[in-house]
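A quick write-up on the structure given underneath.
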Amino acid sequence: MTSAPASSLPRHVAIIMDGNGRWAKKRYLPREAGHYAGMGAVRETVRAACDMGLENLTLFAFSSENWKRPKTEVGALMGLFRAYFRSDMDELVERNVRMRIIGHRGRVAGDIQQMIQDSEHRTAANTGLNLTFAFDYGGQEEIAATAREMARAAKEGRLDPETITPDLFASRLFTAGTPDPDLIIRTSGEHRLSNFLLWQSAYAELLFLDTHWPDFDRAVLAGALEQFAARERRFGALDSEAVA
C-alpha cells in the first residue's frame, strides 16, 4: 500500500508502458518474452490500483504506430491481448473493475473486436476502478477524428461553430466521461508522450521512470503516487491561487 493519504491520490493515473523489448534484450531473450513479462506487470498494476483505491487507470497498450512493427511482433501482441481477456476477466469482475477500450477498433481482428465488446458489456455496471486500455490509439488521430465529426455536424447544421469550447471538444473525444489524467507515468527512461492523450495531458504531472515496464510493480506504483502527492499543482495560477 502507498503511504500517501487517500486525499492526495490522483483521480486518474495514465501509464505509457515502455521497455518490454529492452528488458528482454538485457536478458538475451526475444522481444516477445518481454511483452509476455509486461502482461504480468499489467496484472500486478491493476491489482495494486484496486487495493490502493485509485478511481481511474489508463494503460497505453498498443499505439496506432505499432502497426509498423514486424508482423511477428504485432501478432504476438495481439495474442497477448487475447490471452489477457481470456485469463483475467473473471478476476476483474470480482474486483468490481469497469473496463473500457479507447482507440480505433476497426483495424483489429473480428474476434478481438468481440472480446472488447463483451468485456465492456460485462463490466459496465461495476463501480470500482475504471480501467481503460488505449489500444490501436493515437492522440493526434483522436483529435483529428473529433475535429472531423464536429466539422461535419456544423456543415449539416447540427452544431453552431460559435458554441465550440474546450469542454465541448473534450466531450467528443474517446475519453469523454473520464477525468483528464492527473499523473502520467512513462517507464524505461524515455522522456516523451509518444502521441498519448495529447489533449487530455494539458495539466498532467509527468513522471519518467528508468524502470522497464516488466519490472513495474506495486512498490514502484506506490513510490510514484508518493512523488505525485509531494508536488504542488497550480494549473496556471500563482502559488496563493493554487487549486488543491
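Numerical summary
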read-out	value
Residues located in the range 36-58, provided they are buried (at least 21 other Cβ atoms within 10 Å of the Cβ), among the aliphatic types (A, V, I, L, M) and touching a Ser or Thr at 6+ places or on another chain (Cβ under 8 Å)	LEU57
In the range 198-211, the residues that are in contact with an Asp or Glu (Cβ under 8 Å, 6 or more places away or on another chain) and either farther than 22 Å from ILE143 by Cα or not in a loop (DSSP other than H, G, I, E, B) (or both)	GLU205, PHE208
Where ALA109 falls short, out of the listed (1) surrounded by 13 or more Cβ atoms within 10 Å (Cβ to Cβ); (2) more than 21 Å from ASN56 (Cα to Cα)	(1)
The range 179-193, subset open to solvent by less than 50 Å² (accessible area, probe 1.4 Å) and touching a strand residue (DSSP E or B) at 6+ places or on another chain (Cβ under 6 Å), residue farthest from GLU55 (Cα to Cα)	ARG186
Filter result (open to solvent by less than 60 Å² (accessible area, probe 1.4 Å) and either outside any strand (DSSP E or B) or out of contact with any helix residue (DSSP H, G or I) (no Cβ under 7 Å at 6 or more places or on another chain) (or both)) within the range 116-134	ILE116, SER119, GLU120, THR123, ALA124, ASN126, GLY128, LEU129, ASN130, THR132, PHE133, ALA134
Which numbered condition TYR28 misses (of (1) open to solvent by less than 30 Å² (accessible area, probe 1.4 Å); (2) not in a helix (DSSP H, G or I))	(1)
Verdict on PHE81 being within 19 Å of CYS50 (Cβ to Cβ), modelled with pLDDT under 95 and not small (Gly, Ala, Ser)	no
Qualifying residue in the range 146-159 (condition: surrounded by 20 or more Cβ atoms within 10 Å (Cβ to Cβ) and of a type outside the set (Lys, Arg))	no
Subset of the range 162-178 [open to solvent by 80 Å² or more (accessible area, probe 1.4 Å) and either over 24 Å from the mean Cα position of the chain (by Cα) or in contact (Cβ under 8 Å) with a residue 60 or more places away in the chain (or both)]	GLU162
Residue match in the range 213-227 (condition: farther than 24 Å from ASN20 by Cβ and modelled with pLDDT of 95 or more)	yes
Residue satisfying all of: in the range 59-70; open to solvent by 40 Å² or more (accessible area, probe 1.4 Å) and assigned to a helix (DSSP H, G or I); farthest from LEU197 (Cα to Cα) among these	LYS68
The range 5-25, subset hydrophobic (A, V, I, L, M, F, W, C) and farther than 24 Å from HIS191 by Cβ, residue modelled with the highest pLDDT	LEU9
Whichever residue in the range 156-197 is among the basic types (Lys, Arg) and in contact with a Lys or Arg (Cβ under 8 Å, 6 or more places away or on another chain) and, among such residues, is nearest to GLY138 (Cα to Cα)	ARG192
Subset of the range 75-108 that is assigned to a loop (DSSP other than H, G, I, E, B) and closer than 27 Å to LEU198 by Cβ - its residue that is nearest to the chain's Cα centre (by Cα)	GLY103
Among residues of the range 135-167, those that are farther than 27 Å from ARG192 by Cα and part of a helix (DSSP H, G or I), counted	10
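The values are calculated or read from the model by the stated rules, or taken from the named source; none is laboratory data. Only a predicted model underlies this, so the values are computations on that prediction, with no experimental measurement involved. No Cβ is skipped: glycine too gets one built from the backbone with ideal geometry, and neighbour counts run over all protein chains shown. Surface accessibility is based on the protein's heavy atoms, side chains included, excluding ligands, DNA and RNA. Shrake-Rupley method; radii C 1.70, N 1.55, O 1.52, S 1.80 Å.
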